[in-house]
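**Student:** Okay, here's the structure, questions in a sec.
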Amino acid sequence: MALGIVVTSGYADKSYARSWVEGPVRYVEITHAGLDMSQGSQVGAAKCRAILGRDALFGQSGGQFSLAVHRQLSKTIGIRVRVSRMQRDTERLGPGRFRTRCNVADNDISASFKREPSKADIAEARLQVGVERIATGRHREGIDILAKLRDEANYPDALPAIVAGLISVDVGLALDTDDQYVRLGDADYRPALIEYRDALSRAGWAERARDAQRRLDELLR
């Protein structure tokens, strides 16, 4: 991800949060209320975890995305940020006001945008995440993500991955879906085709696996 992506947002209790990335680390800085140092530290930690622990996708559009856009993207795409090994510190700014800084490795964020995403951007990110879920054995989750692309232009790219996932969930449905819907000539997304080829090979569908390999070879030319 690019260095220095910044997100700001306001909260109902008049706290203020700033988030940015430096290399593989995401930082969050929050100003917030608190009764005393002990309680302020607890509040700051909770707010850090609330920001870093929810499904989130950070980017910028003329400087920032609205919180509503973030929530919609996270709900649509399903990207999660780890909060394990979160480091933080809290300082008192004045009576009842504190600043908490925290940071965490940014490894779980797998997509970012340089502008507010279009419908096509969201569909592309969903395709990527859905295929990744299937590749890591989370077949039902991946299928559910990819199935939401049904009315999008990249649905032909999602179908091979859906079949790859279905082979581990419902072989009969995988066969029907493959026969009725998969058109390899319309599929261009190599990660999905690779998952499809490998799943077919494991299932013993050798001829169809060879078709997938031929399509992969075509895409390299």
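**Student:** Out of everything in the stretch 141-152 that is open to solvent by 70 Å² or more (accessible area, probe 1.4 Å) and either assigned to a loop (DSSP other than H, G, I, E, B) or touching a Pro at 6+ places or on another chain (Cβ under 9 Å) (or both), what residue ends up being farthest from ALA192 (Cα to Cα)?
**Tutor:** Taking the candidates together, the pick is ASP151.
**Student:** Related question: Of the residues in the stretch 153-173, how many are of a type outside the set (A, V, I, L, M, F, W, C) and open to solvent by less than 10 Å² (accessible area, probe 1.4 Å)? I'd like the intermediate steps shown before the answer.
**Tutor:** Narrowing the stretch 153-173 to residues of a type outside the set (A, V, I, L, M, F, W, C): 154-157, 160, 165, 168, 170, 172.
Narrowing further to those that are open to solvent by less than 10 Å² (accessible area, probe 1.4 Å): 160, 165.
Total meeting the criteria: 2.
**Student:** A further question on this structure: Which one of ARG190, ARG183, ARG138 is surrounded by fewer than 21 Cβ atoms within 10 Å (Cβ to Cβ), without any contact (Cβ under 8 Å) to a residue 12 or more places away in the chain and basic (Lys, Arg)?
**Tutor:** Only one candidate qualifies: ARG138.
**Student:** For the stretch 24-47, how many residues are of a type in the set (A, V, I, L, M, F, W, C) and open to solvent by less than 40 Å² (accessible area, probe 1.4 Å)?
**Tutor:** So the count comes out to 5.
**Student:** A further question on this structure: Hey, can you tell me all the residues within the stretch 185-202 that are touching a Lys or Arg at 6+ places or on another chain (Cβ under 8 Å) and part of a helix (DSSP H, G or I)?
**Tutor:** Scanning the stretch 185-202 gives GLY185, LEU193, LEU200.
**Student:** Across the stretch 116-135, what is the total count of residues that are surrounded by fewer than 23 Cβ atoms within 10 Å (Cβ to Cβ) and in a loop (DSSP other than H, G, I, E, B)?
**Tutor:** 2
The values are calculated or read from the model by the stated rules, or taken from the named source; none is laboratory data. No experiment lies behind these values; they were computed from the predicted model shown. Ideal geometry is used to build each Cβ from the backbone, glycine not excepted, and the neighbour counts take in all protein chains shown. What goes into the accessible areas is simple: the full protein's heavy atoms, side chains included, and nothing from ligands, DNA or RNA. Shrake-Rupley method; radii C 1.70, N 1.55, O 1.52, S 1.80 Å.
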